[in-house]
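Right, one structure below, let's go through it.
The values are calculated or read from the model by the stated rules, or taken from the named source; none is laboratory data. Just so you know, these numbers come straight off a predicted model, no measurement behind them. A quick note on method: Cβ atoms are made from the backbone with ideal geometry, for glycine too, and the neighbour counts reach across all protein chains shown.
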Amino acid sequence: MSNPSINRESQVSRTAAMALMLLLAIYFLLPIYFLIVAATKPQGDLAATNGLTFSHFNLFENLRVLFTRSDGIFGRWALNTVIYAVLGAAVGTLISALCGYALAKFRFRGREFLFSVILGGVLVPTTALALPLFLLFSATGIVNTYFAVFLPSIVSPFGVYLARIFANAAVPQELLESARLDGAGEFRTFFSVAFKLMTPSLVTIFLFQFVAIWNNFFLPMVMLQKESLFPITLGLYEWNGQTARAPLLQESVITGSLVSIVPVIILFILLQRFWRTGLAAGSLK
Amino acid sequence: MTDIATRASRVVASPGGRRRLNGGGPRAGTIVAFVIPFFLPFVLFYLVPVGYALWQSVRVVRRTGGQYGTSYTTFGGFEQYGKVFQNDEFWSSVGRIGLFGIVQVPVMLFVALTIALLLDTPLLRLKSVFRITAFMPYAVPGVIAAIMWSYLYSPQLSPVVDLLNGIGLHPDFLGPGAVLWSAANISTWLWTGYNMLIMFSALQSIPQELYEAAKLDGASNWTIAWQIKVPIIAPSIVLTTVFSIIGTLQLYAEPAVLRQISSNISSTFTPNMLAYAVASGNNYQQAAAISVVIAVITFVLSFGFMRLTSKRAGL
């Protein structure tokens, strides 16, 4: 306050910072805003009206068409996505937690070697795995089934890495010793003591794995031919490829995109504090 | 909680506890039971495919007695790799993705760093709103992001094209020169917030006292940001760079969606698209060799970058 020139300077920086952030916010929100507007329009208005302004409100009709098209295949895709991404991430989190916990809390020969092998897996690009997996799965007849996408999706070396860090940080050794003294088996100790203490970090691991599966387009595209097994991303991709021949699909692609990202965005906002703990831990090493 | 606390105090007091701490631990069978639910799928769906790809990449298909003879697969040494390196489509896809990475990764990380630093200063209001806004695209899968942006690029539907036409610019986002950068924009939109949050988390863990001395010396926010904060969070910046390099080399979904509306993206636009195209033609050995080469380039670049930066920082 005593120095007016510094004060003026900071007023300028304040305005500049705010202006820059507003511009960036517009950039991040523009496609989502466009999608919301487009999802409320009848097909005919998509090209005929300005993309940024609402016209005739047709959202409910668009939703009805989306969910009834091809015998309600979109609902099936949504259910499949839940199976792959939600169930897959839940199973993946559980096995990562067990393994990471063992690597953090048990002492055994070969522990560091095992951890290095798993950590090496973090660097393997998942797209590089999809084609050889396809050949292996074709040979065993798993290809074009739920398992073809579900089984590879549950494996997350990064999840084990996080679980080990979190188990070390959240579960005091003395607690485990006392549970053992009380005669609890290792699994009972894990589920009754460690699991509770690790819960916030398990949410983080779950979120990371959920996004990895939700984002992994290449694996289902390589593995699945049957439309009824598709996740939403693959289904919308196929529809999008047909819009040149069937322009009416456009509105369903748009409405379907909106319907599928809204629940995930809400989930992210509600659980955002878990991201920050995970990202901080991930960047520690 | 009290229950846990009393147990904890009991173990400190009891001599039995000390004995277990020294010698005990669970039996081997128990350890295996903890590790195997992850490790078995890890072996089956990570290590085996990697091994299988390596094995496939040294195999070749030959025919007995000319073109109409029966085919058989045999050991071919580095023949498949030789073919990869002689393949013009491979080099142009690598060159394209290299150009993409050299421009897109620094731009994205610079924007991410700027946002993270701004969010860490007292200059902004509504910080949590901005943080969430920037992070939101991370919830959108690449395919859907590419679909959204392809409508914003489309000459018929895009309000952005309308706007730019209105001021006399006539952009062609899907033209032969621009389409690579249109794909780069989608990646930037998707991943800036994620990278920003990694850097922001690192900034938050710096103790405030570190800046106090600099502030007393009259250092501006600008100086503190670039001279103090950035060097401290350098490891996070290296990490985001490595993640971005890995991501760039895996690029598939975004160009594949843009290919649906632009004839300027070939089926071999990125190395991964090339690998898929080759595999679709049933040449699995060649596709495996391409995948292995991409993975090796990824490893070399990620490790190389980490080594380079840690040397320069004198670590």
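Okay, here's what the table says:
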read-out	value
Residue satisfying all of: in segment A:179-192; aromatic (Phe, Trp, Tyr) and either within 8 Å of chain B (Cβ to nearest Cβ) or buried (at least 22 other Cβ atoms within 10 Å of the Cβ) (or both); farthest from residue A:105 (Cα to Cα) among these	A:187
Residue A:46 surrounded by 14 or more Cβ atoms within 10 Å (Cβ to Cβ), touching a helix residue (DSSP H, G or I) at 6+ places or on another chain (Cβ under 8 Å) and touching a residue at least 12 places away in the same chain (Cβ under 8 Å)	yes
Entirely in segment B:187-299, the helices (runs of 4 or more DSSP H) that have 2 or more residues that are under 18 Å from the mean Cα position of the chain (by Cα)	B:234-249, B:253-259, B:271-280
The one condition in (1) exposed (fewer than 14 other Cβ atoms within 10 Å of the Cβ); (2) assigned to a helix (DSSP H, G or I); (3) at pLDDT below 95 that residue B:80 fails to fulfil	(1)
Total residues in segment B:100-126, condition more than 27 Å from residue A:260 (Cα to Cα) and assigned to a helix (DSSP H, G or I)	18
In segment B:198-233, the residues that are under 26 Å from residue B:307 (Cβ atoms) and within 11 Å of chain A (Cβ to nearest Cβ)	B:198, B:199, B:201, B:202, B:203, B:205, B:233
Segment B:233-288, residues that are closer than 23 Å to residue A:239 by Cβ, surrounded by 19 or more Cβ atoms within 10 Å (Cβ to Cβ) and among the small types (Gly, Ala, Ser)	B:253, B:256, B:262
Any hit, segment B:151-166, residues being within 7 Å of chain A (Cβ to nearest Cβ) and polar (S, T, N, Q)	yes
Count of residues meeting criterion [free of Cβ contacts under 8 Å to residues at least 60 places away in the same chain, of a type in the set (Val, Ile, Thr) and at the interface with chain B (Cβ under 9 Å from one of its Cβ atoms)] in segment A:193-240	2
Some residue of segment B:84-100 being of a type in the set (Asp, Glu), in contact with a Ser or Thr (Cβ under 8 Å, 6 or more places away or on another chain) and assigned by TED's automatic domain parsing to the domain that holds residue B:196	yes
The listed residue being in contact with a Gly (Cβ under 7 Å, 6 or more places away or on another chain), closer than 30 Å to residue A:191 by Cβ and of a type in the set (Ser, Thr, Tyr), out of A:116, A:96	A:96
Given (1) surrounded by 21 or more Cβ atoms within 10 Å (Cβ to Cβ); (2) in contact (Cβ under 8 Å) with a residue 40 or more places away in the chain, index of the condition residue A:34 fails	(2)
Selection status of residue A:207, within 30 Å of residue B:50 (Cα to Cα) and out of contact with any Lys or Arg (no Cβ under 9 Å at 6 or more places or on another chain)	yes
Given (1) assigned to a helix (DSSP H, G or I); (2) out of contact with any Gly (no Cβ under 8 Å at 6 or more places or on another chain), number of the condition residue A:247 does not satisfy	(1)
Those helices (runs of 4 or more DSSP H) lying entirely in segment A:18-130 with at least 3 residues at positive phi and of a type outside the set (Lys, Arg)	A:59-81
Failed item, numbered, when residue B:279 is tested on (1) within 9 Å of another protein chain (Cβ to nearest Cβ); (2) over 30 Å from residue B:55 (Cα atoms); (3) among the small types (Gly, Ala, Ser)	(2)
